[in-house]
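Asks: This is the structure I want to talk about, given as structure tokens.
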Amino acid sequence: MVQVPHTPQAFDDFATAYLKARTLHLMHEGLSPEQKTQLLRDESRAANLAPPEHITKPVVLICGHGGRDQRCGILGPILQRAFEAEFARRGVAAEVAQISHVGGHKYAGNVIIYLPPGLRDNALKGTGIWYGRVGPENVEGVVEETVVRGRVVVELLRGGITVEGGNVGRMVEAQLARERGEDGHGGLRLKARARG
């Protein structure tokens, strides 16, 4: 985690040091060297910011944006309180916060859960899971399944990515295969059709 001052220069330093691409696609070949430089990451700009801190506990980010559409703006604070209460009830140390727009107010509540790589006994460690249509009635189950048991709640899933850049969809396929009792070695299992 990086504490970023709320200034245009700090935002530019953060984006350039951490968010921009490390390499460009072949379609960018026609750009000038200056244009390419503007698109590429420059990790030396991180020196202008406070040093990053490792995230050591689960982080739950909830869309609370209410400027364009009230759904997330109304549901965000409710979900924040529900997640905080559930973590407190379980004695689980976690960070819960509202953030601005993450996309798709029609999917309110939008919730991103990041599980740090150092998390023990969790198959999703190092993964960011994006859930949609989360209501307060789902919070206990989401915490139990995702944070405690390391499983994706498929019916709420909007997307996700692993720390290595892997696709959460592949993890979900493996989870579903395990739940169906398949060995995961690529063997196709057919069920016999009843004949009458």
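Asks: Tell me the per residue accessible area of the chain using a 1.4 Å probe; a whole number in Å² is fine.
Replies: Accessible area per residue, the chain: 64 Å².
Asks: Same structure again: Angle check, please: helix 70-90 long axis (alpha carbons) against the longest principal axis of the chain (alpha carbons), in degrees 0 to 90, nearest 10.
Replies: With rounding to tens, the tilt is 70 degrees.
Asks: A further question on this structure: Over the chain, with a Gaussian network built from C-alpha contacts below 10 Å, which listed residue (ALA94, ALA21, ALA82) shows the highest mean-square fluctuation?
Replies: ALA21
Asks: According to the Kirkwood expression over distinct Cα-Cα pairs, how big is the hydrodynamic radius of the chain, in Å?
Replies: 19.4 Å
Asks: Something else about it: Nearest 500 deg cm²/dmol is fine: what mean residue ellipticity at 222 nm does the chain get from its DSSP H runs of n ≥ 4 alone, each adding -39,500 (n - 2.57), divided by its residue count?
Replies: Helices in the chain give a 222 nm mean residue ellipticity of -7500 deg cm²/dmol.
Asks: Hey, another quick one. When DSSP beta bridges are limited to those with both residues in the chain, what percentage is antiparallel, rounded to the nearest 5?
Replies: Roughly 70 percent of the beta bridges in the chain run antiparallel, per DSSP.
Asks: Counting only GluC sites (Glu not before Pro) that are in a DSSP loop and have at most 10 other C-beta atoms within 10 Å, tell me the longest site-free stretch of the chain.
Replies: Between the exposed loop sites, the longest stretch runs 54-163.
Asks: Rounded to the nearest percent, how much of the accessible area of the chain (1.4 Å probe, protein heavy atoms only) is carbon and sulfur?
Replies: Carbon and sulfur atoms account for 54 percent of the accessible area of the chain.
Asks: Note the angle between two axes, namely the Cα long axis of helix 168-179 and the longest principal axis of the Cα atoms of the chain, as a number of degrees from 0 to 90, rounded to the nearest 10.
Replies: On a 0 to 90 degree scale, this one is about 20.
Asks: R0 = 22 Å: FRET efficiency of ALA21 with LEU157, Cβ-based, nearest 0.05?
Replies: In this case the efficiency is close to 0.25.
Asks: Aspartates and glutamates within cross-link reach of LYS106: Cα-Cα under 13 Å, excluding same-chain residues under 8 positions apart?
Replies: Of all the aspartates and glutamates, those that pass the test against LYS106 - Cα under 13 Å, at least 8 places apart if same chain - are ASP69.
Asks: If I model a spin label at GLN70 and LEU31 as a point 7 Å from the Cα along the Cα→Cβ vector, what separation in nanometres do I get?
Replies: Using points 7 Å along Cα→Cβ, the separation is 4.2 nm.
Asks: Now, a different point. LYS125: which aspartates and glutamates have alpha carbons under 14 Å from its alpha carbon, excluding same-chain residues fewer than 8 sequence positions away?
Replies: Within reach: GLU145, GLU164.
Asks: Cβ under 14 Å from PHE11's Cβ, PHE11 left aside: what net charge do those residues give with Lys, Arg +1 and Asp, Glu -1?
Replies: 0
The values are calculated or read from the model by the stated rules, or taken from the named source; none is laboratory data. Predicted model, so just to flag it, every value in this text is computed and none were measured. We place every Cβ from the backbone using ideal geometry, glycine too, and count neighbours over all the protein chains shown. Side chains included, ligands, DNA and RNA excluded: accessible areas come from the protein's heavy atoms. Shrake-Rupley method; radii C 1.70, N 1.55, O 1.52, S 1.80 Å.
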